[in-house]
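The values are calculated or read from the model by the stated rules, or taken from the named source; none is laboratory data. Quantities reported herein were computed from a predicted structural model and do not represent experimental measurements. Ideal geometry is used to build each Cβ from the backbone, glycine not excepted, and the neighbour counts take in all protein chains shown. What goes into the accessible areas is simple: the full protein's heavy atoms, side chains included, and nothing from ligands, DNA or RNA. Shrake-Rupley method; radii C 1.70, N 1.55, O 1.52, S 1.80 Å.
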Amino acid sequence: MPKFAAGVVRFQNEVFPQKRELFEKLSQGQSPEALFITCSDSRIETAMITQTEPGELFICRNAGNIVPPHTNYTGGMTASIEFAVSALRVPHIVVCGHTECGAMKGAMNPEGLDALPHVKEWLGYSKAAVDIVSEIGEGKSDEERMQLLLRHNVILQLTHLKTHPSVAARLAKGDLELHGWVYDIKTGDVHAYDDNTNDFVPVDKRYAEQVARLAAAGTCAA
Ligand SMILES: [Zn+2]
């Protein structure tokens, strides 16, 4: 039996009974706090990073945490964004990139992707971020250029999000907030985009007010 299948049996026997009430409640419906868009990379464990329970995040994952700009073509991302934003009315959308991202390495070196035509085409949605790094990354090390790309890709995908009518409408109403994050696989650090300073800052600083409020309420800062 593969490890992941044996895991289901363990979940049913050991984990589910402890959370029976939660799952019973969730069977009545969902009201997630955020649409969480991140990379498919196996090293990102969204529930662990954000310390959330089932029902709290509506998750879309793809190679490179990409949001294609809105067109009349219906893709999986377009439909999922529309559902999360217009039907579930999530109050937050997070686009979360990460270090060591294979997709972003590919975007930086598309000539190595000839055997992966769909990956190559998909990463075209990150081209503006790659071009930004070509312009401003001159003289920087490969590592610094990759760091720049991870951040600019997240900012670019936030820009793409705003072209989706459901998102644009909710932003205009003022009851939807966008967040751009980069998660560091090796250190566990999360840096969050601050559009006031146009820079990425550690998540505890970016959300200092909310973290303090949660600490004061005696709850775990999630
Ligand atoms: Zn990735």
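Taking the stretch 84-120 as the range and being more than 16 Å from the ligand (Cβ to nearest atom), more than 20 Å from Val133 (Cα to Cα) and either without any contact (Cβ under 8 Å) to a residue 12 or more places away in the chain or among the charged types (D, E, K, R) (or both) as the test, the residues that pass are Ala87, Arg89, Asp114, Ala115, Pro117. Within the stretch 85-95, one or more residues are of a type outside the set (A, V, I, L, M), part of a helix (DSSP H, G or I) and open to solvent by 10 Å² or more (accessible area, probe 1.4 Å). On the stretch given as the stretch 34-51, residues that are among the polar types (S, T, N, Q) and open to solvent by 30 Å² or more (accessible area, probe 1.4 Å) total 3. Just one of the numbered conditions (1) away from the ligand (no atom under 16 Å from the Cβ); (2) part of a loop (DSSP other than H, G, I, E, B) is not true of Arg43; which one? Evaluating Arg43 over (1) away from the ligand (no atom under 16 Å from the Cβ); (2) part of a loop (DSSP other than H, G, I, E, B) leaves (1) as the failure.
Among the numbered conditions (1) charged (D, E, K, R); (2) touching a helix residue (DSSP H, G or I) at 6+ places or on another chain (Cβ under 6 Å); (3) open to solvent by 50 Å² or more (accessible area, probe 1.4 Å), the only one that Asp199 does not meet is (2).
Scanning the stretch 46-67 for residues that are in a loop (DSSP other than H, G, I, E, B), under 17 Å from Lys127 (Cβ atoms) and out of contact with any Gly (no Cβ under 6 Å at 6 or more places or on another chain) returns Ala63, Gly64, Ile66, Val67.
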